[in-house]
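As structure tokens, the structure follows; a few thoughts come after it.
Throughout, read-outs are computed from the coordinates displayed, never taken from laboratory work. All values reported here derive from a predicted model rather than from experimental measurement. Please note: Cβ atoms are built from the backbone with ideal geometry, for glycine as well, and neighbour counts cover all protein chains shown.
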Amino acid sequence: MVLMNQQNTFVIADDHPPIRAFSKSVLKDNFPNCTVLEARTGQEAIDLSLKNHPSLVIMDIAMPDLDGIAATQKIVQSLPQTGIVIYSNYGDEVYVRKVRQTVPVDRAFAYVLKTATQDQFTQAIKQVHSGEVWLHPDVQQVVWKLNVNKRSTQLTEIQQQILIAVSIGKTNDWIAEKLYMSNKTIQYHLYSIYDKLGINSAQKKVNPRNEVVCVSLLKGLIDMQDLKLGYEKENH
């Protein structure tokens with residue numbers, strides 16, 4: 001039997017008591033008869049959510065035991081109807097990208113910075129409770145920038161395959177044989193990838209093959225799942 005989410009049950013996950021108290025007061029002001037459950041760690045948030053099936057979870061990112069992004073991933077996988085409100089001090093590209101990769105695009109979701117006003121925080125909660133999406137203005141700017149960067153660094157299918165092969169430590173000779181191309185063609189594609197990612201391959205201080213992996217991970221062009229699948233495919 002599939003359990004339905006409790007529309008008046010909320011989980012707050014934050015390791016700072018004043019933040020939990022503030023979040024609880026906002027919830028109680030707007031949903032007077034609601035039940036509010038409090039977690040101090042990511043694991044506690046998971047346990048409370050799986051047990052109580054809340055309609056909405058307010059989740060900090062930086063917490064002991066298990067961070068909020070990892071906890072969110074578990075919750076969204078197990079509770080497809082639970083809305084997520086990320087409430088954090090962290091709103092730079094790295095965290096926004098991680099959250100975007102974790103939360104499904106069709107999920108009721110908000111990303112609120114702790115610099116937000118109470119009205120903004122309240123609006124975000126109401127939007128998610130209604131099944132919609134709300135983003136803090138600063139987060140909107142980051143998302144726009146990420147979308148522009150993704151379009152400007154779009155790789156071809158062949159370049160994506162080469163990038164993953166380089167990322168799992170394969171040589172140009174190995175890649176050329178695998179893709180039925182010449183070593184010169186592989187090198188040409190690598191230079192094209194370097195150019196798209198703004199990497200100076202003539203710079204001797206950093207190995208460009210190492211740098212391209214780091215930059216690609218940061219830009220979200222590849223992720224650890226790509227590397228895991230690539231490694232397993234070629235080594236088993």
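Listed by Cβ neighbour count within 10 Å, with the fewest neighbours leading, Glu211, Glu157, Glu177 appear as Glu157, Glu177, Glu211.
Here Thr117, Thr9, Thr185, Thr171 are placed in order of increasing Cβ neighbour count within 10 Å, fewest first, which gives Thr117, Thr171, Thr185, Thr9. Cross-link partners of Lys24 among aspartates and glutamates, defined as those whose alpha carbon lies under 20 angstrom from its own and excluding same-chain residues fewer than eight positions apart: Asp14, Asp15, Glu38, Glu44, Asp47, Asp60, Asp119. May I ask for the distance between the Cα centers of the range 172-189 and the range 29-96, given as a whole number of Å? Using only Cα atoms, the two centres lie 46 Å from each other. Taking the C-alpha atoms only, the angle from helix 224-235 to the longest principal axis of the chain is near 40 degrees. Per-residue Cβ neighbour counts within 10 Å put Lys233, Lys98, Lys114, Lys28 in the sequence Lys233, Lys28, Lys114, Lys98, beginning with the fewest.
Against the main long axis of the alpha-carbon atoms of the chain, helix 137-152 sits at an angle near 20°.
Positive-end ranking of Tyr191, Tyr180, Gln160 along the dipole of the range 153-231, with charges on Cβ about the Cα centre, is headed by Tyr191.
Taking the chain as a Gaussian network of alpha-carbon nodes connected by springs under 10 Å, the highest mean-square fluctuation of the residues Val215, Val143, Val99 belongs to Val215.
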